Amino acid sequence: MSEYEPVIGLEVHVQLKTQSKIFCGCSTEFGAEPNSNTCPVCLGLPGSLPVLNQRALELAIKVGLALECTVSNRIKFDRKNYFYPDLPKAYQISQYDMPVASKGHLVIEVPPHPSLPPQRGEGKSAIKGNAGISHVSSPLAGEDQGGGEVPKGNQLIPKKIEITRAHLEEDAGKLLHEGVRDGSWVDYNRAGVPLLEIVSEPDLRSPDEAFQYLTGLKSILQYLDVSDCNMEQGSLRCDANISVREKGDSKFGIKVEVKNMNSFRAVQKAVAYEIKRQVEATQAGERIAQETRLWNESKSQTFSMRSKEHAHDYRYFPEPDLVPFTVSSKQIEQIKKSLPELPQARIQRFKKQFELSGYDAYVLVSDKPLGDYFEACMNERISAKLSSNWIQSELLGELNARKLSLRESKVGPKDLAGLIRLIENNTISGKIAKEVLPEMLETGKSAETIVKEKGLVQVTDTKLLEEIADRVIQANPKTADEVRAGKAQAIGFLVGQVMKETKGKANPKLINDILSKKLSN
């Protein structure tokens with residue numbers, strides 16, 4: 001596969017967080033009784049007229065500004081005509097030639113590829129001013145000191161992914177096939193929910209880059225609070241356009257569209273599968289069919305849905321029931337001033353204010369609730385580095401094991417800060433803290449309460465620890481001689497023996513100092 005390169009573009013559909021639909025007053029509540037959130041407008045009944053939801057337009061403009069797009073002053077809607085059961089009008093109100101925003105970008109972080117020619121937008125200048133972040137790896141468990149260092153990846157370089165357009169439209173209804181006898185059912189509750197479609201240029205070159213782009217985009221949407229970004233509920237959906245070509249060739253290959261992916265990892269896997277399938281077919285001399293394919297998660301493969309070889313045009317024409325109008329530059333500027341601190345700016349602030357590494361700042365900022373959790377811990381005036389490590393490794397590790405989100409955790413920022421403070425003032429060791437955290441998650445009790453109830457206060461009685469150290473040295477003369485001979489790492493075994501005798505309650509640093517002093521004499 002080394003002589004081929006993939007070309008990937010993504011179409012992301014974002015349900016905007018409004019209380020009512022884009023062209024009527026029906027609720028956007030998810031999970032309501034089927035067809036209960038409907039009216040003549042979203043059902044397309046004769047004589048009904050759409051009225052634009054101002055809030056939906058404002059949220060769309062927010063996204064455009066955050067992605068550094070050019071926001072259009074002239075707003076026009078079009079009819080996208082095609083018949084399908086989930087569109088009761090047999091057309092969709094969308095935007096064709098005048099999207100609300102266009103020509104923006106998002107910067108991701110990618111590994112250097114010295115064997116590949118630079119793609120458009122690569123280089124240090126690409127990161128200037130952008131709000132996006134990416135390349136956030138999964139945190140791993142820390143070391144015994146409590147909240148150990150999270151491993152760092154290879155050096156990364158910024159790459160600018162161009163945004164072609166972002167346009168407003170109404171969502172379609174939902175067809176229900178599974179568990180339905182004698183055909184299918186349709187639920188029109190979703191029909192008319194405001195949707196923003198964000199289309200990238202075909203600038204992505206790997207499944208990992210696609211994943212990083214989606215991660216960065218979701219982060220921006222979260223910070224803007226324009227969508228709940230829940231892929232399982234369909235409020236964030238993605239279609240991938242994939243082709244392959246020989247390296248060095250400027251001409252695109254035949255594009256295949258992949259749908260039905262309900263997570264970023266599914267997108268990553270579907271893109272990887274499709275690249276492999278297309279390369280193998282090309283090498284075998286087969287012609288790639290231009291088609292739409294669906295991703296089957298259980299089989300981890302794509303399969304053909306419909307051909308697009310002779311697809312008819314959607315026959316767009318201006319929506320006659322919605323008159324084009326102008327948004328003033330002053331209004332756009334007011335929306336721009338209302339933008340919150342975006343991910344890239346927050347990363348830079350975390351690095352400067354809390355002296356975090358670039359990697360730690362990226363991980364914490366990648367998910368807004370995670371960044372908020374960290375900042376709340378910082379309000380308790382504890383170590384930033386220790387907090388960062390404990391959140392990334394111990395806390396997220398325990399939550400992942402329980403399949404809980406940060407919002408569902410019984411350990412709030414003040415609770416975790418209380419645990420970390422006990423470590424900082426030497427009340428407990430990091431090892432004991434690791435035993436306390438799971439119980440905090442299970443019971444909701446504070447760290448201080450659990451430590452008192454279980455008698456876990458760290459042993460700092462120097463005289464007692466010296467007596468235990470003497471016994472350990474006498475019981476392990478060979479190891480003691482190795483330490484005296486200069487084998488410094490051998491002292492770790494002796495420290496472990498003292499910790500064992502004190503049932504993990506001793507201060508490891510104090511033990512180390514006592515043993516070093518005794519063995520040096």
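A few comments on the model shown:
- So Leu422, is it under 22 Å from Ser383 (Cβ atoms), outside any helix (DSSP H, G or I) and not hydroxyl-bearing (Ser, Thr, Tyr): no
- Some residue of segment 20-27 being surrounded by fewer than 18 Cβ atoms within 10 Å (Cβ to Cβ), part of a loop (DSSP other than H, G, I, E, B) and of a type in the set (A, V, I, L, M, F, W, C): no
- So Leu419, is it outside the structural domain of Leu67 (by TED's automatic domain parsing), within 18 Å of the chain's Cα centre (by Cα) and either within 26 Å of Lys218 (Cα to Cα) or among the hydrophobic types (A, V, I, L, M, F, W, C) (or both): no
- Long-range neighbours under 9 Å by Cβ, at least six apart or interchain, first residue in the same structural domain as Ala475 (by TED's automatic domain parsing) and modelled with pLDDT of 85 or more within segment 509-521, second in a helix (DSSP H, G or I) and of a type outside the set (A, V, I, L, M): Ile514/Thr462; Ile514/Glu466
- When Lys80 is tested against (1) among the charged types (D, E, K, R); (2) farther than 24 Å from Asn260 by Cα; (3) crowded, with 16+ Cβ neighbours inside 10 Å, exactly one condition is not met: (2).
- Filtered residue count, segment 173-194, keeping only those that are at positive phi and surrounded by fewer than 17 Cβ atoms within 10 Å (Cβ to Cβ): 3
- Cβ pairs under 6 Å, 6+ apart, first in segment 81-105 and under 12 Å from Pro318 (Cα atoms), second modelled with pLDDT of 90 or more and among the aliphatic types (A, V, I, L, M): Gln95/Leu168
- Residue ranges of strands (runs of 3 or more DSSP E) in segment 255-347 with at least 2 members farther than 30 Å from Pro50 by Cα and of a type in the set (Gly, Ala, Ser): 301-307
- Counted residues, segment 425-437 - those being more than 11 Å from Ile450 (Cα to Cα) and either outside the structural domain of Val411 (by TED's automatic domain parsing) or modelled with pLDDT of 90 or more (or both): 1
- Residue within segment 400-421 that is within 24 Å of Gly496 (Cβ to Cβ), surrounded by fewer than 21 Cβ atoms within 10 Å (Cβ to Cβ) and in contact with an Asp or Glu (Cβ under 9 Å, 6 or more places away or on another chain) present: no
- Candidates Pro88, Pro99, Pro112: the one that is out of contact with any strand residue (DSSP E or B) (no Cβ under 7 Å at 6 or more places or on another chain), part of a loop (DSSP other than H, G, I, E, B) and either at pLDDT 95 or above or assigned by TED's automatic domain parsing to the domain that holds Val41 (or both) is Pro88.
- Members of segment 279-304 that are surrounded by 14 or more Cβ atoms within 10 Å (Cβ to Cβ) and either among the aliphatic types (A, V, I, L, M) or touching a residue at least 40 places away in the same chain (Cβ under 8 Å) (or both): Val279, Ala281, Thr282, Ile288, Leu294, Thr302
- Residue within segment 148-163 that is surrounded by fewer than 21 Cβ atoms within 10 Å (Cβ to Cβ), of a type outside the set (Lys, Arg) and at pLDDT 90 or above present: yes
- Residue list for segment 452-467, restricted to those being part of a helix (DSSP H, G or I) and crowded, with 20+ Cβ neighbours inside 10 Å: Leu465
- Of residues in segment 224-236 being of a type outside the set (S, T, N, Q) and surrounded by 22 or more Cβ atoms within 10 Å (Cβ to Cβ), the one farthest from Val271 (Cα to Cα): Val226
- The residues of segment 33-85 that are within 31 Å of the chain's Cα centre (by Cα), in a loop (DSSP other than H, G, I, E, B) and charged (D, E, K, R), listed by number, are Glu33, Glu68.
- Restricting attention to segment 28-60, the residues that are surrounded by 15 or more Cβ atoms within 10 Å (Cβ to Cβ) and at positive phi add up to 1.
- Residue within segment 426-435 that is within 29 Å of Lys368 (Cβ to Cβ) and either surrounded by fewer than 17 Cβ atoms within 10 Å (Cβ to Cβ) or without any contact (Cβ under 8 Å) to a residue 12 or more places away in the chain (or both) present: no
- Scanning segment 469-521 for residues that are part of a helix (DSSP H, G or I), under 14 Å from Lys431 (Cα atoms) and not hydrophobic (A, V, I, L, M, F, W, C) gives Gly496, Lys500, Pro508, Lys509.
- Residue check, Pro340 closer than 25 Å to Ile108 by Cα, surrounded by fewer than 15 Cβ atoms within 10 Å (Cβ to Cβ) and at pLDDT below 95: no
The values are calculated or read from the model by the stated rules, or taken from the named source; none is laboratory data. Bear in mind that the values here come from a model prediction, so they are computed numbers and not experimental data. Please note: Cβ atoms are built from the backbone with ideal geometry, for glycine as well, and neighbour counts cover all protein chains shown.
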